[in-house]
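Below you'll find the structure, written out as structure tokens, and then a few comments.
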Amino acid sequence: MTRFWALIDNSGKFNKDHNYTANLRWQLFNTLLVLLTSVGFSYSLGPFSLLAFVPVFLLFAAFISASSQISREWREQTISWWLTVPCSRSELLASKLLGALIRLTKIAGISIVATALIALGWILVKPDIWTMPAISVAALMASKLYILTIIVLPLAMALGMFFAVLMRSRFKFFAPFIIAFVGAAFGAGANYLLPILGKTEVDTQLTLISQIPVFNLSLTAIVLRVGLMLVIAAVILALSSYLLAEQTEV
Amino acid sequence: MTAVDMQNVIKKYGSTVALDSLTLSIPEGQITGVLGPNGAGKSTFFKTLVGLTRPNQGDITVLGQKPSWKVNRQVAYLADQCRWYEYHTVREAVEYGHAVFPDFNMDKAQELVLSLGLANDASVGSLSKGQKARLQLILCLARDVQLLLLDEPFSGIDMVSREKIIEGIIQTFSNNKQTIIISTHEIHQAESLFDQVIFMDQGRVIMAGEVETLRQERGSIENIYRGLFQ
């Protein structure tokens, strides 16, 4: 096993910590909260509104997951071991990001399956409302949201990591302002740059042909957008590495 | 040759001065004890050597270079009050050490696991405080590095564990001829390990020298300590 993979693997295992799994009641409470919100959403807005709920949930999960990967090293007092592993701060943070991504992939998989099951339940309950064309339109809208989420996900994770490092740095008292500034700057930058890469409405148009969903997506446009977000995430990673190396103390 | 050299190092935490124009030099190939009361600046001294904290002023050289993650390839550091990942088993911890530390000697680690009385399949979370300390020490001692930094390796550990840890240090040192720097309050038990000692108080060196010379001039190290800090 290479050093970098060992670091990723260890980050992915962070969840197995018995101190956390012991807190079963808290996990059950969260699960119940998500389920009730999902049912509430689907009751008021229709089953496929859940599909919109999941991407938003995933973005929050990405932020929190990446952030907790870092902050737990301090909380669990393993920080001096982690920071004295002889590799660069960028390498350490990148391994944490990938560890968080592994965790997030699991969460995403479970969320999508759970959402699909709840939506299916509504279709069976009200088949007169949820006809094939209606389902197809909703599914297409949701697909668009998922694509958008995948594009923005690296940015949410990088910001989560940046936030965790910032909160341990000497600039922690300015954290709310810095986060707001960084978020606004990158958000505005992304908003400005994204249309240059392709006309959103044309490139990601989703249509129905004979009641069958047709994805009229330009692969190039998606790759470019994901690439752009990865570049922005890499800039945030570099900034976080600097904070961790020069402005943070144990 | 010197393993560690510090010139006028100042480190402040807010208004508290942890290291106050600290100047010292630690030779290679010896075991040096860093002794002093709580708050003397011992842990800050160790942290500056591995780059976990940066001085406000002064120059630090570790193995001829400024502290950085690159120098840490040749430095093993056991921090005061640190913990290992509780979800690992002893075997997983050793395997992880082998994967992340370039100079990790797997055979030596396994030998130490056996000699310090740990079970490979035991979960770290289920180990006693003394056993956890032994495991962390193994992860340091199993590295074939030039400099070994041990900050309070005996803190809160029972007598048997302390003896086993000292045994482990002696075993490693006699095989490798490393430079070892140890801070401890257990002077009586660790005294026999030291080639030289540094007494620190309020971020400064108040006395330093070779153990044999100090013993001849002033009696045991424990007595010197009492004389300085009582």
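Which residue out of B:184, B:179, B:213 is modelled with pLDDT of 90 or more, open to solvent by less than 10 Å² (accessible area, probe 1.4 Å) and farther than 30 Å from residue B:87 by Cα?
Working: B:184 fails: farther than 30 Å from residue B:87 by Cα; B:213 fails: open to solvent by less than 10 Å² (accessible area, probe 1.4 Å).
Only one candidate passes the filter, namely B:179.
Here's the yes/no breakdown for (1) among the hydrophobic types (A, V, I, L, M, F, W, C); (2) at pLDDT 70 or above; (3) at positive phi:
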residue: A:141; (1), (2), (3): yes, no, no
residue: A:165; (1), (2), (3): yes, yes, no
residue: A:176; (1), (2), (3): no, yes, no
residue: A:186; (1), (2), (3): yes, no, no
residue: A:223; (1), (2), (3): yes, yes, no
residue: A:238; (1), (2), (3): yes, yes, no
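How about segment A:79-88: which of its residues are of a type outside the set (Phe, Trp, Tyr) and at the interface with chain B (Cβ under 7 Å from one of its Cβ atoms)?
Once the filter is applied, which keeps residues that are of a type outside the set (Phe, Trp, Tyr) and at the interface with chain B (Cβ under 7 Å from one of its Cβ atoms), segment A:79-88 yields A:80, A:83, A:84, A:85, A:86, A:87, A:88.
Looking at segment B:153-168, can you tell me whether even one residue there is under 18 Å from residue B:77 (Cα atoms), out of contact with any Phe, Trp or Tyr (no Cβ under 9 Å at 6 or more places or on another chain) and assigned to a strand (DSSP E or B)?
No, segment B:153-168 contains no residue that is under 18 Å from residue B:77 (Cα atoms), out of contact with any Phe, Trp or Tyr (no Cβ under 9 Å at 6 or more places or on another chain) and assigned to a strand (DSSP E or B).
Looking at residue B:74, is it within 14 Å of chain A (Cβ to nearest Cβ) and free of Cβ contacts under 8 Å to residues at least 24 places away in the same chain? Break it down into steps so the answer makes sense when it comes.
On the way: within 14 Å of chain A (Cβ to nearest Cβ): yes; free of Cβ contacts under 8 Å to residues at least 24 places away in the same chain: no.
No, not satisfied.
Looking at residue B:156, is it modelled with pLDDT under 90, open to solvent by 50 Å² or more (accessible area, probe 1.4 Å) and on the phi > 0 side of the Ramachandran plot? Walk me through it before giving the result.
Numbers: modelled with pLDDT under 90: yes; open to solvent by 50 Å² or more (accessible area, probe 1.4 Å): yes; on the phi > 0 side of the Ramachandran plot: yes.
Taking the combined requirement at face value, the residue satisfies it.
Would you be able to tell me the number of residues in segment B:1-10 that are under 20 Å from the mean Cα position of the chain (by Cα) and open to solvent by 10 Å² or more (accessible area, probe 1.4 Å)?
In the first step, residues of segment B:1-10 are kept if they are under 20 Å from the mean Cα position of the chain (by Cα); the result is B:1-6, B:9.
After this cut, where a residue has to be open to solvent by 10 Å² or more (accessible area, probe 1.4 Å) as well, the list is B:1-2, B:5.
Total meeting the criteria: 3.
Based on what the data block shows, is residue B:137 within 21 Å of residue B:85 (Cβ to Cβ) and surrounded by 19 or more Cβ atoms within 10 Å (Cβ to Cβ)?
Values: within 21 Å of residue B:85 (Cβ to Cβ): yes; surrounded by 19 or more Cβ atoms within 10 Å (Cβ to Cβ): yes.
Spelling it out, residue B:137 is indeed within 21 Å of residue B:85 (Cβ to Cβ) and surrounded by 19 or more Cβ atoms within 10 Å (Cβ to Cβ).
Considering segment B:83-114 alone, what residues qualify as being more than 14 Å from every other protein chain (Cβ to nearest Cβ) and open to solvent by less than 40 Å² (accessible area, probe 1.4 Å)? Don't jump to the end; show me each part of the working.
Of all residues in segment B:83-114, those more than 14 Å from every other protein chain (Cβ to nearest Cβ) come to B:90, B:105, B:107-114.
Within segment B:83-114, B:90, B:108, B:109, B:112, B:113 meet the criteria.
Based on what the data block shows, is residue A:54 β-branched (Val, Ile, Thr), at pLDDT below 90, in a helix (DSSP H, G or I) and open to solvent by less than 20 Å² (accessible area, probe 1.4 Å)?
Values: β-branched (Val, Ile, Thr): yes; at pLDDT below 90: yes; in a helix (DSSP H, G or I): yes; open to solvent by less than 20 Å² (accessible area, probe 1.4 Å): yes.
Here the answer is yes, as residue A:54 does meet what is asked.
Among what's in segment B:53-68 and is within 12 Å of another protein chain (Cβ to nearest Cβ) and surrounded by fewer than 19 Cβ atoms within 10 Å (Cβ to Cβ), pick the residue that is farthest from the chain's Cα centre (by Cα). Steps first, answer last, please.
Step one: of segment B:53-68, the residues within 12 Å of another protein chain (Cβ to nearest Cβ) are B:53-56, B:67-68.
Remaining after also requiring surrounded by fewer than 19 Cβ atoms within 10 Å (Cβ to Cβ): B:54, B:56, B:68.
Numbers: B:54: 18, B:56: 23, B:68: 18 Å.
The extreme case among them is B:56.
The values are calculated or read from the model by the stated rules, or taken from the named source; none is laboratory data. No experiment lies behind these values; they were computed from the predicted model shown. Quick reminder, even Gly has a Cβ in these numbers, built from the backbone with ideal geometry, and neighbours come from all protein chains shown. Just the protein is used for accessible areas: all its heavy atoms, side chains included, with ligands, DNA and RNA removed. Shrake-Rupley method; radii C 1.70, N 1.55, O 1.52, S 1.80 Å.
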